[in-house]
1. Would you please put 39-48, 259-268, 65-74 in order of how densely packed they are, using the mean number of other Cβ atoms within 10 angstrom per residue and starting with the highest?
2. Is it possible to state the helix-based mean residue ellipticity at 222 nm for the chain, with each DSSP H run of 4+ residues giving -39500 (n - 2.57), the sum divided by total residues, to the nearest 500 deg cm²/dmol? What is it?
3. When averaged across all projection directions, what area in nm² does the alpha-carbon convex hull of the chain cover?
4. Taking K and R as +1 and D and E as -1, what net charge do the other residues with C-beta under 14 Å from the C-beta of residue 37 add up to?
5. Assign unit charges at the C-beta atoms only (+1 for Lys and Arg, -1 for Asp and Glu), then state the dipole size of the chain relative to its Cα centre in Debye, rounded to the nearest 20.
6. Based on the mean of other Cβ atoms within 10 Å per residue, sort peptides 227-238, 105-116 so the most packed one is first.
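No value in this document is a laboratory result; all are computed from the given coordinates. Computed from a predicted structure; not experimentally measured. Because the Cβ atoms are built from the backbone with ideal geometry, glycine has one as well, and the counts that use them run over all protein chains shown.
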Amino acid sequence: MLAVTYAGPVIRFTAAPAVAIAFWRLVLVLPVTLALSLRESRRSLDRSTLLLIVLSGLLLAAHFWAWIASLRFTTVASSVLLVNLRPVFVWALAAAWLHEQPGPRERWGIAVAVVGATLIGVGDARASLGAVGGDLLALAGALAAAGYSVIGRRVRRTIGVWTYVTTVYGVAALSLGFIAALGRSPLTGFASRDWAVFAALAAGPTLVGHTGMNYALKHFRATTVNVAGLGEPVGATLIAWLVPAIHEVPPLTALAGGVMVLAGIGMSLAERRGA
């Protein structure tokens with residue numbers, strides 16, 4: 001969660017197209033994950049598992065593209081808030097498909113954390129058509145991320161994390177490259193600052209953040225992993241406030257919201273420790 005908090009703010013420092021940002025944050029991390037995957041034990045994949053992994057990669061591509069594009073139209077706090085409503089969607093998907101239900105305390109934790117995240121973004125909302133479009137993109141990113149996470153919970157029971165993420169990141173990168181080609185969106189010719197942003201996104205939010213979450217999915221319910229991720233809007237809002245080049249000052253309600261988010265995360269993880 002700490003590794004992904006700076007993803008939203010740092011994207012503000014590049015003018016590259018959203019599809020290019022998403023493409024390079026995946027491509028730059030693939031050599032590392034591929035090298036580590038070669039050290040894992042190999043097992044054949046049945047057709048249904050392989051199809052799930054491909055679908056997971058497509059959903060990850062959709063998540064990255066929609067969320068990064070949303071930052072062009074709405075604030076960091078609003079975008080990160082909406083994309084992190086995914087625990088609610090994960091709860092529904094995991095219950096329907098995996099038959100996994102969060103316990104009573106974790107349910108309260110999810111509710112408290114989501115309300116807290118809402119407080120962070122409510123005071124930051126913009127009543128404009130552009131902002132609404134950005135918010136809808138972020139919400140679409142949340143839905144895609146929920147599907148990607150639930151599939152990860154299912155597949156990671158039998159597949160090593162490095163093999164899984166290498167395949168998923170590869171599928172997502174190929175999908176984004178195809179989208180860029182169709183839309184004639186450039187993938188090269190960027191300034192040095194743009195490449196620095198791509199590298200920063202690959203190193204922290206992707207290699208550590210997303211891979212860490214996929215590792216955790218083998219040991220925790222998908223709802224638990226995703227409610228922990230609700231700490232992202234707290235960190236992202238603080239960074240967007242403290243960095244002078246962005247300086248998005250959060251309202252006082254964001255302070256209360258941040259406390260509620262952390263309390264909700266604590267409630268969810270406390271139940272897991274007691275289980």
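1. 65-74, 259-268, 39-48
2. That calculation yields -22000 deg cm²/dmol at 222 nm.
3. Average projection, Cα convex hull of the chain: 14.5 nm².
4. So the surrounding residues net to +3.
5. The calculation lands at about 680 debye.
6. Most protected by this proxy first, the peptides run 227-238, 105-116.
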